[in-house]
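To keep things clear, I will list the structure first and then write my remarks on it.
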Amino acid sequence: MEVIMAKTAGFCFGVKRAVDTVYQEAKKEHVYTYGPIIHNEHVVSDLEKKGVKVLHSREELEQLQEGTIIIRSHGVPKEIYDLIEEKGLSLVDATCPFVRKIHRIVEKAGGAGKQIIITGSEEHPEVEGIRGWCSGKVTIISDAAQLEEIDWSQPACLVSQTTFNYKKFKDIVEIIEKKGYDIEVCNTICNATEERQLEARSIAKNVDAMIVIGDKHSSNSQKLFEISSKECARTIFIQTLDDLDLKLFESTGKVGITAGASTPQKIIKEVHASMTEKSFEQLLEESLVTIHNGEVVEGTVIDVKPDEIILNIGYKADGILTRSEYSNDSANLDLTTVAKVGDTMETKVLKVNDGEGQVLLTYKRLAAEKGNKRLEEAYENKEVLKAPVAQVLDGGLSVLIDEARVFIPASLVSDSYERDLKKYEGQEIEFVISEFNPRKRRVIGDRKQLLVAAKKEKQKELFARIEIGMKIDGVVKNVTDFGAFIDLGGADGLLHISEMSWGRVENPKKVFSIGDKVTVLIKDIQGEKIALSLKFPEENPWLTAEDKYKVGNNVTGRVARMTDFGAFIELESGIDALLHVSQIAKEHIEKPSDVLNIGQEITAKVVDFKKDERKISLSMKALLNEDDKAEE
């Protein structure tokens with residue numbers, strides 16, 4: 001067998017720099033990384049043994065009082081830097097220099113009024129970090145078809161996730177150039193990523209089988225697998241040597257090996273050595289055994305301990321089922337509570353020989369395969385599934401269906417953006433399977449479409465029962481400078497600032513808070529737009545104004561605003577009267593502000609009242625004249 005090793009396999013410059021930084025800082029006390037420093041479980045686990053803890057959310061960071069925070073290689077939003085500085089924590093920035101360059105590009109472009117377009121995976125931490133340096137509109141795309149959904153009336157700046165597929169990026173740029181959009185294109189794909197992808201494609205074209213080594217969460221490793229798979233049908237993705245079944249290569253002439261940028265050299269060397277040192281005789285001998293890795297076997301329980309179950313599987317060695325291979329949720333599980341001697345169990349062979357002559361078995365992985373079949377059926381039938389949230393991750397939620405994991409990206413958890421997903425931990429939620437590709441370990445759940453469908457149904461019911469002039473209860477959903485959006489239970493209505501009171505409202509945020517319950521009047525309905533009002537007709541102050549403000553009555557009010565020709569006096573909420581500049585004093589006055597102040601209380605005589613036009617005229621001068629006559 002000929003083995004071809006990619007020259008670019010393994011740590012790239014940015015990853016090596018980040019990992020070396022953490023190992024150096026690990027000598028101190030209270031050291032944390034914001035998110036896993038790189039996407040490699042083995043490296044993160046080794047660092048944890050050295051005392052380096054991983055912070056998975058802003059909330060965890062907020063709880064710290066001391067320590068050193070290391071920014072991961074993928075980078076983080078600007079707000080995290082600000083929070084670290086605000087809390088007085090020590091900051092060590094291990095962000096890849098190529099990623100920091102993108103942060104500077106989008107920050108500058110956003111400040112110039114450009115919308116930002118990012119090619120990459122919306123759930124990837126690098127993309128989340130880039131988005132956190134943008135101001136204004138941001139759009140994330142993963143293929144050329146999504147260009148049609150962008151509003152090109154605003155100038156734009158295009159950047160890319162450093163590990164994005166180089167060929168896909170080129171295709172997107174070619175379309176942009178043909179369309180002639182007003183856009184600044186910045187190729188921010190890392191050189192190492194580009195070289196790695198080109199080399200992987202070249203090797204995969206000329207081998208019989210291809211091995212890609214990388215962590216399951218590593219975006220660049222997944223891209224290498226995707227690229228290699230297109231060129232070589234027999235492409236296998238593994239994390240470590242333990243995942244490699246050498247029998248698959250018994251009659252293979254040429255095998256290529258590449259690895260992601262976050263894969264340690266130690267793992268790469270182990271795989272390479274295993275491929276080159278095994279003799280044909282060894283492989284032949286292994287092929288003669290009666291059971292194989294991955295084979296489903298039925299066994300009888302012959303002993304049970306709190307942390308392992310021993311089964312007779314009819315082989316020359318007994319099978320060992322450990323606590324960790326029984327279930328994904330078995331950290332503190334006592335296995336004596338779930339199995340007893342004499343029970344029969346169906347398991348899957350994980351390793352024919354664990355080095356001590358025993359057969360390692362797995363129950364959870366077999367259950368996961370069955371779960372995947374269940375998920376495939378649900379995907380094909382568009383079935384609504386229900387399951388508790390097993391884990392809250394950086395980019396979404398993880399749920400389990402019969403030990404099979406389903407990932408629900410943050411963008412598909414709700415029908416609106418949610419910054420903090422912690423509230424879903426342990427909560428049972430409903431979802432559908434929107435993408436099913438177990439070969440790529442990609443099973444995506446979607447809760448958003450159920451919420452959107454339910455909302456549309458509620459919207460339909462709401463519009464069927466409401467009409468103009470009706471009063472309805474709602475809850476304040478959002479408050480802006482121009483008004484408040486009210487959730488009416490199926491649709492939102494706009495309560496404009498001008499409709500919040502019969503009087504004057506300066507700032508809606510001083511009147512309403514999110515969550516306030518209000519009763520509003522439906523003023524207008526245009527399609528799906530609902531205009532609301534708090535100006536209830538029966539509370540119109542002009543209904544009783546004619547009696548209160550008859551010509552000749554003396555009235556008291558507050559100066560609400562002034563112009564050069566006069567001052568407007570608020571007599572009560574919703575009723576203003578004009579005090580003309582000529583009616584302020586007996587002597588000549590240039591402008592009202594020479595003698596009056598905003599908020600000042602004045603007394604004047606009503607000299608004119610026009611109900612139909614809702615106009616009232618006042619005079620302070622008339623009162624002064626009356627006083628003069630009284631003195632005579």
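The values are calculated or read from the model by the stated rules, or taken from the named source; none is laboratory data. Fair warning: this is a prediction, and the values are worked out from it, not measured in the lab. Note: ideal-geometry Cβ built from the backbone for every residue, glycine included; neighbour counts use all protein chains shown. What goes into the accessible areas is simple: the full protein's heavy atoms, side chains included, and nothing from ligands, DNA or RNA. Shrake-Rupley method; radii C 1.70, N 1.55, O 1.52, S 1.80 Å.
Just a few scattered comments:
- Residues located in region 383-412, provided they are under 20 Å from Q449 (Cβ atoms), open to solvent by less than 40 Å² (accessible area, probe 1.4 Å) and among the β-branched types (V, I, T): V389, V399, I401, V406, I408
- Hey, E467 in a loop (DSSP other than H, G, I, E, B), of a type outside the set (A, V, I, L, M), farther than 23 Å from E613 by Cβ and out of contact with any helix residue (DSSP H, G or I) (no Cβ under 8 Å at 6 or more places or on another chain) or not: yes
Quick grid of which residues meet (1) open to solvent by less than 60 Å² (accessible area, probe 1.4 Å); (2) among the acidic types (D, E); (3) without any contact (Cβ under 8 Å) to a residue 40 or more places away in the chain:
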| site | (1), (2), (3) |
| --- | --- |
| V304 | yes, no, yes |
| I310 | yes, no, yes |
| I320 | yes, no, no |
| E325 | yes, yes, no |
| V341 | no, no, no |
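- Restricting attention to region 306-348, the residues that are assigned to a helix (DSSP H, G or I) and more than 16 Å from L366 (Cα to Cα) add up to 3.
- Within region 184-202, considering residues that are among the aliphatic types (A, V, I, L, M) and open to solvent by 20 Å² or more (accessible area, probe 1.4 Å), the one farthest from S262 (Cα to Cα): V185
- Only one of the numbered conditions (1) farther than 18 Å from E369 by Cβ; (2) outside any strand (DSSP E or B) is not met by N293, and that is (1).
- Looking across region 384-434, the residues that are within 25 Å of Y326 (Cα to Cα) and charged (D, E, K, R) come down to K386, D402, E403, R405, E425, E428.
- If you filter region 498-520 down to residues that are part of a helix (DSSP H, G or I) and farther than 27 Å from K460 by Cα, you find that the one that is least open to solvent (accessible area, probe 1.4 Å) is P508.
Here is a yes/no grid of residues against (1) open to solvent by less than 30 Å² (accessible area, probe 1.4 Å); (2) not in a helix (DSSP H, G or I):
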{"residue": "I522", "(1), (2)": "yes, yes"}
{"residue": "I525", "(1), (2)": "no, yes"}
{"residue": "A531", "(1), (2)": "no, yes"}
{"residue": "E538", "(1), (2)": "no, no"}
{"residue": "G552", "(1), (2)": "no, yes"}
{"residue": "E570", "(1), (2)": "no, yes"}
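- Restricting region 127-158 to residues that are on the phi < 0 side of the Ramachandran plot and in contact with a Gly (Cβ under 6 Å, 6 or more places away or on another chain), the residue that is surrounded by the most Cβ atoms within 10 Å (Cβ to Cβ): V127
- Enumeration of residues in region 479-488 that are open to solvent by 30 Å² or more (accessible area, probe 1.4 Å) and of a type outside the set (D, E): F482, F485
- Filter result (open to solvent by 40 Å² or more (accessible area, probe 1.4 Å) and modelled with pLDDT of 80 or more) within region 254-284: K254, Q265, K266, K269, E270, H272
- The condition of being open to solvent by 70 Å² or more (accessible area, probe 1.4 Å), at pLDDT 90 or above and either under 30 Å from C157 (Cβ atoms) or of a type in the set (S, T, Y) (or both) holds for only one of K16, K53, K101, K114, that being K101.
- Contact map, region 23-36: residues that are touching a residue at least 24 places away in the same chain (Cβ under 8 Å) paired with residues that are of a type outside the set (S, T, N, Q) and open to solvent by 90 Å² or more (accessible area, probe 1.4 Å), Cβ distance under 8 Å, separation 6+ or inter-chain. Pairs shown: Y23/K50; A26/K50; H30/E66; V31/K53; Y32/K53; T33/K53; G35/H56; P36/H217.
- Complete set of residues in region 61-83 that are surrounded by fewer than 23 Cβ atoms within 10 Å (Cβ to Cβ), without any contact (Cβ under 8 Å) to a residue 40 or more places away in the chain, under 29 Å from T188 (Cα atoms) and not hydroxyl-bearing (S, T, Y): D82, L83
Listed here are the residues, each with its yes/no results for (1) open to solvent by 60 Å² or more (accessible area, probe 1.4 Å); (2) over 23 Å from the mean Cα position of the chain (by Cα).
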position	(1), (2)
Q427	yes, no
E430	yes, no
K448	yes, no
K460	yes, yes
G469	no, yes
K477	yes, no
L495	no, yes
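- Scanning region 159-186 for residues that are in contact with a helix residue (DSSP H, G or I) (Cβ under 7 Å, 6 or more places away or on another chain) and within 22 Å of C96 (Cα to Cα) returns V159, S160, Q161, T162, T163, N165, Y166, V185, C186.
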